[in-house]
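Participant: Have a look at this one.
The values are calculated or read from the model by the stated rules, or taken from the named source; none is laboratory data. Model, not experiment: these values are computed from the prediction. Counting neighbours? That spans all protein chains shown, and the Cβs are built from the backbone with ideal geometry, glycine included.
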């Protein structure tokens, strides 16, 4: 089940190592409206810089993605390489290069192996339609251990459109305004401005609310292409069908972002941290992220230890307005802290922590603002993966 | 070699577990000038709150410290317990309780086992002089693996004074305005205001420039007692002897803070990160801390991987003013990045990383400000220690 009018292709270009398909192409048979969000890291990869310029026109037809090399910190040469890749695809598909978006993920600082990429472009184009979206999702993986796909049907008038999204993680995850690589396709016709606004709204509470290790990547990119192949009246914000589209897109980004956390490097548990009762929205998010990024909290959860003291310490240094003597903390439904002090229910809380999906609820009891952040535990395997993932 | 007029004592109170001395007393035979800095975490342990009030008067004669329980997040009961401990010591030593400082380190959120502490106080006082400073340094350890002591002689006029300091780490280390527990004693007579200013200056570039895991504790405390037993003319800032005292105190805090990093939980390497060429001092420190707290940088160093891309990414998200195309990065003396791009010297850099003491030098080439931060690598052992250190 993928949206009408999209074709996929994958080839092996041995970008980092041989033995797997690492170059993928997503192609819409017709020009599509496109919207995107990109990393706020000041060090931006060459393809990100290229795409940020192109996206201003709001139109696109192809996305070429490679894994194994981030094409970041590669200077002018990196920009030229990304540009050349777009032009090669445009030439092969006989379209304007401004419609071709380039995305890269992998090691930072190594020049793109153009001598291995160039010879594979014609095969990549030739293969269009022979690969599935699943193949693309697998080709863009780095330290991910499973491909991440979400498909969703949406009733638009009397037609049924489809939104499909794929993404990859799994380290350097603490995005803001975008995360890692995520590509969403739909056959539903959506006006470009509406598409842009809806994507940005959806990301606020999905990709911008997850963290694996607090490290924000140089390559984070989310792109959505709406090619209108469904033939529905163009969706704008004032239309009735907008609500259904918005809801569906939000669900897709939520599920995809959750996949990234579940597949966080070395992760054994998925932890949802909800902060309520904050003085303002910024405080709620800061508090949740401080807890989510605390190595001490993450290792405690890994060790099934209801060490709520580490949560209190993280709240205390998060920079938010708080009063220790007002804070309540729950592990799942077990209240471990009441007004700043222990309830003595550590044993019951330990039972909660033995699960795979852990909920931590914090009520600051100071205001009415809240935020949810998704993270994972910190394990020996995270250390091993990242000590080994050599340049 | 310890300063004249100080006596030490340690006993076992089985505060967390039996089998080791975990309660220590530092006593000056005469009232001393005292200065201190404390955690900026909004969640402050009970003894920290107590000491912050007492220190305003600038006078002290005893410090009682326990390890195994932080007496943090313990509410009113915690404050009463800390106060009672000070009063028991004051009663036994026949002094005003305002001269007794209380410090705690260990698990957060568990009430102090007063029933095991109370009965040991008389023995603790009785034993004064039977323990060494080394014994005290050992008694205040938690996950530390070695006691941390620095002794330093200082020529003051024709006399020779001594500054001795002890401290403990080893996790929840990312202090600001103070760190963990550190006690410095000197027999040199120093005016209280001068003592206070000199301590705060020394801490700026020592304890406030180290990080193990980015987690700032609820208990960070640095105290210095100057009892004047040396009999030198009282040191003020205008005196010639001030320079020697200031220099010596700075050296003591630098060495002690370095010990904490070297003994960081699970650490195998000590990493000094120096950022130069920043637009302002705040940027220099922020950049250095962003790199020092990056799990990806820390695991790469652990894996002897010259993965400078992770350093660039950390600089990029640190929030500082920077231009990728101006940045230079060195591992030791090996330049790996020149104006934002690789020099190809990854092999030489890998050799540097095989050492125990790693220097990372970053020149932003934008201004004239610099900062140094000391950190350690992130290893499987850090995860194990913190997954196991149960409440």
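Participant: Having 3 or more residues that are farther than 20 Å from residue B:107 by Cα is the bar; report the helices (runs of 4 or more DSSP H) wholly within the stretch A:274-378 that clear it.
Facilitator: It comes to A:281-292.
Participant: Could you go through the stretch A:124-136 and let me know if any residue there is assigned by TED's automatic domain parsing to the domain that holds residue A:49 and farther than 29 Å from residue A:150 by Cβ.
Facilitator: Checked against the condition, which is being assigned by TED's automatic domain parsing to the domain that holds residue A:49 and farther than 29 Å from residue A:150 by Cβ, the stretch A:124-136 yields no hits at all.
Participant: Anything in the stretch A:276-309 that is under 25 Å from the mean Cα position of the chain (by Cα) and within 7 Å of chain B (Cβ to nearest Cβ)? List them, or say none.
Facilitator: A:294, A:295, A:296, A:299, A:302
Participant: Now for a different question. Going through B:89, B:108 one at a time, which residue ends up being within 20 Å of the chain's Cα centre (by Cα) and assigned by TED's automatic domain parsing to the domain that holds residue B:154?
Facilitator: It is B:108.
Participant: May I pose another question? Would you mind finding the one in B:171, B:165 that is in contact with a helix residue (DSSP H, G or I) (Cβ under 8 Å, 6 or more places away or on another chain), farther than 21 Å from residue B:69 by Cβ and buried (at least 17 other Cβ atoms within 10 Å of the Cβ)?
Facilitator: Result of the check over B:171, B:165: B:165.
Participant: Being out of contact with any helix residue (DSSP H, G or I) (no Cβ under 7 Å at 6 or more places or on another chain) and surrounded by 21 or more Cβ atoms within 10 Å (Cβ to Cβ) is the filter; apply it to the stretch B:110-130 and report the residue that is nearest to the other protein chains (Cβ to nearest Cβ).
Facilitator: Taking the candidates together, the pick is B:110.
Participant: Considering every residue within the stretch A:223-239, establish whether at least one is surrounded by 20 or more Cβ atoms within 10 Å (Cβ to Cβ), closer than 22 Å to residue A:69 by Cα and free of Cβ contacts under 8 Å to residues at least 60 places away in the same chain.
Facilitator: no
Participant: Within the stretch B:15-25, identify whether any single residue is surrounded by fewer than 24 Cβ atoms within 10 Å (Cβ to Cβ), modelled with pLDDT of 95 or more and under 25 Å from residue B:200 (Cβ atoms), and answer yes or no.
Facilitator: no
Participant: Within the stretch A:310-325, restricting attention to residues that are without any contact (Cβ under 8 Å) to a residue 40 or more places away in the chain and surrounded by fewer than 19 Cβ atoms within 10 Å (Cβ to Cβ), which residue is farthest from the other protein chains (Cβ to nearest Cβ)?
Facilitator: Top of the filtered list is A:319.
Participant: Right, something else. Report, by residue number, each residue of the stretch B:379-391 that is farther than 16 Å from residue B:297 by Cβ and either more than 14 Å from every other protein chain (Cβ to nearest Cβ) or part of a helix (DSSP H, G or I) (or both).
Facilitator: B:380, B:381, B:383, B:384, B:385, B:386, B:387, B:388
Participant: Could you tell me whether any residue of the stretch B:335-344 is within 27 Å of the chain's Cα centre (by Cα), closer than 22 Å to residue A:388 by Cα and either surrounded by 23 or more Cβ atoms within 10 Å (Cβ to Cβ) or modelled with pLDDT of 95 or more (or both)?
Facilitator: The answer is no, given that none of the residues of the stretch B:335-344 is within 27 Å of the chain's Cα centre (by Cα), closer than 22 Å to residue A:388 by Cα and either surrounded by 23 or more Cβ atoms within 10 Å (Cβ to Cβ) or modelled with pLDDT of 95 or more (or both).
Participant: Can you name the number of the only condition in (1) surrounded by 24 or more Cβ atoms within 10 Å (Cβ to Cβ); (2) under 30 Å from residue B:300 (Cα atoms) that residue A:258 fails?
Facilitator: Going through (1) surrounded by 24 or more Cβ atoms within 10 Å (Cβ to Cβ); (2) under 30 Å from residue B:300 (Cα atoms) one by one, residue A:258 breaks only (1).
Participant: Residue A:208 fails exactly one of the following numbered conditions: (1) at pLDDT 95 or above; (2) touching a helix residue (DSSP H, G or I) at 6+ places or on another chain (Cβ under 9 Å); (3) under 30 Å from residue B:42 (Cα atoms). What is the number of that condition?
Facilitator: Going through the list (1) at pLDDT 95 or above; (2) touching a helix residue (DSSP H, G or I) at 6+ places or on another chain (Cβ under 9 Å); (3) under 30 Å from residue B:42 (Cα atoms), residue A:208 breaks only (1).
Participant: Looking at A:362, A:358, which is the one that is modelled with pLDDT of 95 or more, touching a strand residue (DSSP E or B) at 6+ places or on another chain (Cβ under 7 Å), more than 12 Å from chain B (Cβ to nearest Cβ) and under 22 Å from residue A:266 (Cα atoms)?
Facilitator: Step by step, each of A:362, A:358 is checked, and only A:358 is modelled with pLDDT of 95 or more, touching a strand residue (DSSP E or B) at 6+ places or on another chain (Cβ under 7 Å), more than 12 Å from chain B (Cβ to nearest Cβ) and under 22 Å from residue A:266 (Cα atoms).
Participant: Scan (1) crowded, with 21+ Cβ neighbours inside 10 Å; (2) at positive phi; (3) in contact (Cβ under 8 Å) with a residue 60 or more places away in the chain for the single condition residue B:157 breaks and write down its number.
Facilitator: (1)
Participant: Just give me the residues in the stretch B:206-228 being touching a strand residue (DSSP E or B) at 6+ places or on another chain (Cβ under 6 Å), part of a loop (DSSP other than H, G, I, E, B) and closer than 20 Å to residue B:58 by Cβ, in sequence order.
Facilitator: Scanning the stretch B:206-228 gives a single hit, B:227.
Participant: Let me ask something else about it. Are any residues in the stretch A:36-53 surrounded by fewer than 20 Cβ atoms within 10 Å (Cβ to Cβ) and more than 14 Å from every other protein chain (Cβ to nearest Cβ), and if so, which ones?
Facilitator: A:52, A:53
Participant: From the residues in the stretch B:326-336 that are over 16 Å from residue B:310 (Cα atoms) and touching a helix residue (DSSP H, G or I) at 6+ places or on another chain (Cβ under 7 Å), which one is nearest to the other protein chains (Cβ to nearest Cβ)?
Facilitator: B:334
Participant: Quick check, is residue B:71 under 18 Å from the mean Cα position of the chain (by Cα), buried (at least 24 other Cβ atoms within 10 Å of the Cβ) and assigned by TED's automatic domain parsing to the domain that holds residue B:96?
Facilitator: Answer is no for this residue.
Participant: If residue A:364 satisfies all but one of (1) farther than 22 Å from residue B:385 by Cβ; (2) surrounded by 23 or more Cβ atoms within 10 Å (Cβ to Cβ); (3) free of Cβ contacts under 8 Å to residues at least 40 places away in the same chain, what's the number of the condition it fails?
Facilitator: Every condition holds for residue A:364 apart from (3).
Participant: Tell me which of these residue A:241 doesn't satisfy, since it passes every other one: (1) touching a strand residue (DSSP E or B) at 6+ places or on another chain (Cβ under 6 Å); (2) at positive phi.
Facilitator: Just one mismatch for residue A:241, condition (2).
Participant: Okay, next question. Just one of (1) free of Cβ contacts under 8 Å to residues at least 12 places away in the same chain; (2) more than 14 Å from chain A (Cβ to nearest Cβ) trips up residue B:76, so point out which.
Facilitator: (2) is the only condition that residue B:76 fails.
Participant: Out of the residues in the stretch A:179-199 that are within 30 Å of residue B:311 (Cβ to Cβ) and at pLDDT 85 or above, which is nearest to the other protein chains (Cβ to nearest Cβ)?
Facilitator: Looking at residues that are within 30 Å of residue B:311 (Cβ to Cβ) and at pLDDT 85 or above, I get A:181.
Participant: Which of the residues that make up the stretch B:83-109 are within 26 Å of residue A:343 (Cβ to Cβ), surrounded by fewer than 24 Cβ atoms within 10 Å (Cβ to Cβ) and more than 13 Å from every other protein chain (Cβ to nearest Cβ)?
Facilitator: B:83, B:84
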